[in-house]
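The next block holds one structure in the form of structure tokens; read it before the comments.
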Amino acid sequence: MEKIHQKFKALLRHFFLIDDSPHKVAGGVAVGIFMGIVPGEGILSTLFVAYILRLNRLAALTAIVAVNMWTTILTLPLAAIVGGFLFRVSPQSLTNSFHTTYTLGWNYFFSKIILFELVLPLMVGFIVVALIISLSFYLIIYFSLKHKKIKFQ
């Protein structure tokens, strides 16, 4: 039993190892921030994407826990502006429609009108905003780690 416990601890230690290159640490943070801003994504999907992209999973986990859900609410107006601009819809009508349909229930939420006139512009807006924010954090963290000449390898 002790051997299984030690193997499990070694697996966890290896899975969440922070000793990585600045690119992998910054990339993990960027993935975590991106997945934390986009609505509907969670911790497991973030770890999976970080694993597939071979980025630092501890950095991704830390970032998504730090930004999960509350940044979605804070970036909603910005996502509405970007999505509204791209789809030529008023950002105010997008946010009003979002708040109105939130109380109507699931049946109405999955109608064609809601999916194409509300969800699509907002999701595109969230994706664009999340890409810009996560890319900014990637660059800040990457150059900070490179500038300090911290060796993780």
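The values are calculated or read from the model by the stated rules, or taken from the named source; none is laboratory data. Since the model is a prediction, treat every value here as computed from it, not as a measurement. Cβ coordinates were reconstructed from backbone atoms using ideal geometry, including for glycine residues, and neighbour counts include every protein chain displayed.
Scoring V25 on the criteria (1) surrounded by fewer than 22 Cβ atoms within 10 Å (Cβ to Cβ); (2) at pLDDT below 90; (3) part of a helix (DSSP H, G or I) leaves a single failure, condition (1).
Filter the range 28-45 down to the residues that are under 15 Å from L131 (Cβ atoms) and modelled with pLDDT of 90 or more and list them by number. Of everything in the range 28-45, those that are under 15 Å from L131 (Cβ atoms) and modelled with pLDDT of 90 or more turn out to be V29, A30, V31, G32, I33, F34, M35, G36, I37.
Of everything in the range 68-87 that is modelled with pLDDT of 90 or more and among the hydrophobic types (A, V, I, L, M, F, W, C), the residue that is nearest to I127 (Cα to Cα) is A79. Scanning the range 54-87 for residues that are exposed (fewer than 14 other Cβ atoms within 10 Å of the Cβ) and either under 11 Å from the mean Cα position of the chain (by Cα) or not in a helix (DSSP H, G or I) (or both) yields R54, V65, A66, M69. Quick one: in the range 88-102, which of the residues that are crowded, with 16+ Cβ neighbours inside 10 Å and polar (S, T, N, Q) is nearest to F126 (Cα to Cα)? Residue satisfying both the conditions and the ranking: T95.
Against the list (1) at pLDDT below 90; (2) under 27 Å from F143 (Cα atoms); (3) not acidic (D, E), the condition V119 fails is (2). Of the residues that make up the range 122-136, is at least one outside any helix (DSSP H, G or I), farther than 20 Å from P22 by Cβ, out of contact with any Leu (no Cβ under 7 Å at 6 or more places or on another chain) and modelled with pLDDT of 90 or more? No, the range 122-136 contains no residue that is outside any helix (DSSP H, G or I), farther than 20 Å from P22 by Cβ, out of contact with any Leu (no Cβ under 7 Å at 6 or more places or on another chain) and modelled with pLDDT of 90 or more. Within the range 72-100, residues that are over 22 Å from I133 (Cβ atoms) have Cβ atoms under 7 Å from residues that are in a helix (DSSP H, G or I) and among the aliphatic types (A, V, I, L, M) in these pairs: S97/L118, counting only partners at least 6 apart in sequence or on another chain.
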